[in-house]
Amino acid sequence: MSCVVVLDNGGGYIKAGIGGDRDPSVVVPNCIGRPSASSKKWLIADQLQSLEDPTSVALRRPFDRGYLTNPDLQKDIWDRLLRSLHSPTSSSSLLLVEPLFNLPSAQRAVDELVFEDFGFRSLFVADSPSLVHLYEASRRPEGLVSRARCSLVVDCGFSFSHAAPVLQNFTVNYGVKRLDLGGKALTNYLKELVSYRSVNVMDETLIMDDVKEKLCFVSLDVPRDLQIAWKQGKNNKFKCTYVLPDGVTHTKGFVKDWDEAKRYLYSADGSYERGHLDAAEQLEDRKRNRIDLTKNEFNLSNERFLVPEMLFRPADLGMNQAGLAECIVRAVNSCHPNIHPVLYESIILTGGSTLFPQFAERLYNDLRPLVPDHYQVKITKQEDPMLGVWRGGSLLASSPDFESMCVTKAEYEEFGSARCRKRFFH
Amino acid sequence: MDEEAPGSMRRTSSRTRKVASKMAAALASSDNRMQAELARLEALENDNAGIEAVEVNDDDDASLDDEDELDVVIKGDNCVVIADFHNSIAVHLKRQMKNSKRKTRQAKALEARKAPRTFMELLQEANLEALPPHVPSYLRAAVGPPSSTSRRYFCTVCGFTANYTCVRCGVRFCSIHCQVVHNDTRCLKFVA
Ligand SMILES: [Zn+2]
Ligand SMILES: [Zn+2]
């Protein structure tokens with residue numbers, strides 16, 4: 001019996017599982033880490049997630065700027081991961097999600113891994129925008145994305161962000177626009193700001209990822225929010241505190257007071273209900289009461305929104321690149337004018353960096369003035385932006401003609417990497 | 001697994017710091033602000049900002065010859081580094097480290113079938129500039145410069161709107177108070 005392994009091999013996280021399933025069975029960081037300089041043991045992917053103490057973990061990644069640069073390291077990670085899937089590679093096909101415009105040298109290296117090191121039966125290479133489109137179209141068969149058979153996928157990932165038009169289920173390569181900012185740069189920027197202003201956290205990538213995910217949000221009005229962040233005490237609704245692990249009483253960092261941290265969401269008229277914390281947040285809140293807090297904490301205020309702000313105004317960082325809204329406009333403009341209106345009406349957000357609260361609202365505010373008045377602008381957030389690509393892959397892998405789209409091991413052995421790759425329309 | 005990272009040939013050591021401070025000195029005569037900014041952008045793509053610089057080199061055969069050799073490489077290449085704004089300092093440094101490494105440790109380098117490379121190296125090797133203009137590629141997908149060149153500046157010390165610039169490194173601050181903090185503790189941090 002054959003099955004298809006679906007592998008969304010991101011620079012930040014690998015999402016892996018069996019085609020036809022609703023969700024991937026493994027979501028693990030695509031890296032290895034060494035807990036401290038004294039330790040000699042490198043932990044691989046999922047081992048980092050169960051790590052007791054995330055303090056000062058040195059990381060190595062097989063990806064650099066969104067592309068595979070260290071195949072040997074990738075092999076070690078895949079090796080562990082594929083064993084946990086319990087699907088013998090020699091009788092499995094692989095659906096692999098690769099970054100757009102992958103370099104020929106990286107493609108060759110991947111083909112070697114897939115066929116020579118792991119011995120997969122066959123391979124299909126897909127890109128993320130077309131899979132996201134496929135998934136969204138199948139969810140709403142009567143929706144515009146499905147009827148018009150096109151959409152504009154905005155993928156803000158770990159290494160970069162892409163605005164990609166998709167037409168008839170294919171990514172329109174000549175229309176793709178890339179902004180060289182993603183989750184990794186945002187975490188590093190947050191590390192830089194906090195280290196500058198309070199505690200040195202330059203070595204704390206894992207902890208600062210947690211801080212970013214829990215506390216950062218997108219501002220809808222930067223000058224106004226800077227003014228608010230300037231205020232003292234209770235009037236500053238952005239101020240909150242994160243407690244770093246001390247390695248003794250608590251080995252994970254946590255938000256000191258969730259009610260305080262969520263104040264920014266309460267509108268002036270109090271329409272946002274207070275005290276709605278989920279289970280994990282309540283657990284953290286209880287924790288704080290048990291712990292005798294030392295100085296091992298830092299405050300955040302304007303950093304919370306100045307960090308994601310970079311995606312919208314990279315020029316503020318000194319980068320000579322347009323922000324996300326202009327990225328979308330340029331991607332649309334490189335397509336035929338006939339489909340401009342429908343593209344603006346079917347913008348889909350995916351990727352982990354779109355998870356910041358108020359992301360879609362801000363993008364709309366930035367984009368609306370750049371789009372002709374008589375076009376509608378509609379932005380849809382994916383239900384689970386980290387998994388959307390994988391779910392699309394899972395759908396494709398379970399379609400009846402999937403096997404016929406693959407390159408087989410025999411074909412690879414006969415024709416080599418470059419000729420086989422031509423089949424995937426890249 | 002042993003102490004060497006799987007698949008990793010890149011070695012970072014206390015020498016990284018030494019070289020970096022030499023770079024800082026070499027750059028003092030050129031456009032510091034530009035360099036500082038590029039180094040800062042480059043740092044946003046690092047995996048371990050702090051750790052890599054101080055990680056102890058636990059290999060036994062790191063010899064003094066190595067260091068002398070590095071010295072020469074760096075000095076001789078100064079003008080190249082300064083002129084080449086596209087390859088920022090860190091990338092260049094890493095390459096220098098690795099090149100000199102290969103010379104002195106050929107045996108080990110030959111063992112590594114697929115030594116890790118930087119993306120910039122792979123990109124240069126791909127020679128995408130040679131593709132005909134209608135072919136979409138990594139280079140052509142870059143979004144390009146913003147249509148408005150206006151840039152907002154935030155104080156690097158406290159984050160508020162910044163109206164002043166440090167004459168030495170070009171970093172922004174909002175007030176005398178933040179200027180003092182900057183001068184005392186942060187100035188030129190990203191070059192040194
Ligand atoms: Zn200031
Ligand atoms: Zn300065």
Residue count, region A:34-62 (criterion: open to solvent by 20 Å² or more (accessible area, probe 1.4 Å), touching a residue at least 60 places away in the same chain (Cβ under 8 Å) and either small (G, A, S) or under 30 Å from A:F115 (Cβ atoms) (or both)) | 1
How about region A:93-147: which of its residues are under 17 Å from A:V389 (Cα atoms) and among the hydroxyl-bearing types (S, T, Y)?
-> A:S128, A:S130, A:Y135, A:S138, A:S146
Pairs, please: C-beta under 8 Å, at least 6 apart or cross-chain, first residue more than 17 Å from A:D316 (Cα to Cα) and away from chain A (no Cβ under 13 Å) and in region B:166-180, second within 10 Å of ligand 2 (Cβ to nearest atom) and not in a loop (DSSP other than H, G, I, E, B)?
-> B:R168/B:N32; B:Q179/B:F173
What is the number of the single condition among (1) open to solvent by less than 20 Å² (accessible area, probe 1.4 Å); (2) not in a loop (DSSP other than H, G, I, E, B) that A:L395 does not meet?
-> (1)
What is the residue count in region A:1-10 for residues that are within 15 Å of the chain's Cα centre (by Cα) and open to solvent by 10 Å² or more (accessible area, probe 1.4 Å)?
-> 3
Among the numbered conditions (1) at pLDDT below 90; (2) within 16 Å of ligand 2 (Cβ to nearest atom); (3) at the interface with chain A (Cβ under 9 Å from one of its Cβ atoms), tell me where B:T149 comes up short.
-> (2)
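Yes/no matrix, rows are residues, columns are (1) more than 14 Å from chain B (Cβ to nearest Cβ); (2) closer than 21 Å to A:F424 by Cα; (3) touching a residue at least 40 places away in the same chain (Cβ under 8 Å):
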site	(1), (2), (3)
A:L131	yes, yes, yes
A:P141	yes, no, no
A:F158	no, no, yes
A:H162	no, yes, yes
A:G175	no, yes, yes
Hits in region B:181-190 (condition: open to solvent by 60 Å² or more (accessible area, probe 1.4 Å), more than 9 Å from every other protein chain (Cβ to nearest Cβ) and near ligand 2 (Cβ under 9 Å from one of its atoms)) = B:N183
With the condition kept exactly as written, say whether any residue in region A:23-33 is in contact (Cβ under 8 Å) with a residue 12 or more places away in the chain, surrounded by fewer than 17 Cβ atoms within 10 Å (Cβ to Cβ) and over 27 Å from A:M202 (Cα atoms).
-> yes
For helices (runs of 4 or more DSSP H) lying entirely in region A:280-390, having 2 or more residues that are at pLDDT 95 or above and within 21 Å of the chain's Cα centre (by Cα) picks out A:303-312, A:324-333, A:359-367
Could you grab me the full set of residues in region B:145-169 that are in a loop (DSSP other than H, G, I, E, B) and either crowded, with 16+ Cβ neighbours inside 10 Å or near ligand 1 (Cβ under 9 Å from one of its atoms) (or both)?
-> B:P146, B:Y153, B:C155, B:T156, B:V157, B:C158, B:G159, B:F160, B:A162, B:C166, B:C169
Would you check which residues across region A:114-135 are touching a Phe, Trp or Tyr at 6+ places or on another chain (Cβ under 7 Å), hydrophobic (A, V, I, L, M, F, W, C) and assigned to a helix (DSSP H, G or I) and list them?
-> A:V114, A:F115
Evaluate the following for B:R172: is it within 23 Å of the chain's Cα centre (by Cα), open to solvent by 40 Å² or more (accessible area, probe 1.4 Å) and near ligand 1 (Cβ under 9 Å from one of its atoms)?
-> yes
All positions within region A:184-226 that are out of contact with any strand residue (DSSP E or B) (no Cβ under 9 Å at 6 or more places or on another chain), within 11 Å of another protein chain (Cβ to nearest Cβ), surrounded by fewer than 23 Cβ atoms within 10 Å (Cβ to Cβ) and free of Cβ contacts under 8 Å to residues at least 24 places away in the same chain = A:N188, A:E192, A:S195, A:Y196, A:N200, A:M202
Across region A:82-104, what is the number of residues that are within 18 Å of A:R121 (Cα to Cα) and in a helix (DSSP H, G or I)?
-> 6
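The values are calculated or read from the model by the stated rules, or taken from the named source; none is laboratory data. Because the structure is predicted, anything quoted here is derived from the model rather than measured. When we count neighbours, we look across all protein chains shown, and the Cβ atoms used for this are built from the backbone with ideal geometry, even at glycine. All accessible areas refer to the heavy atoms of the entire protein, side chains included, with ligands and DNA or RNA removed. Shrake-Rupley method; radii C 1.70, N 1.55, O 1.52, S 1.80 Å.
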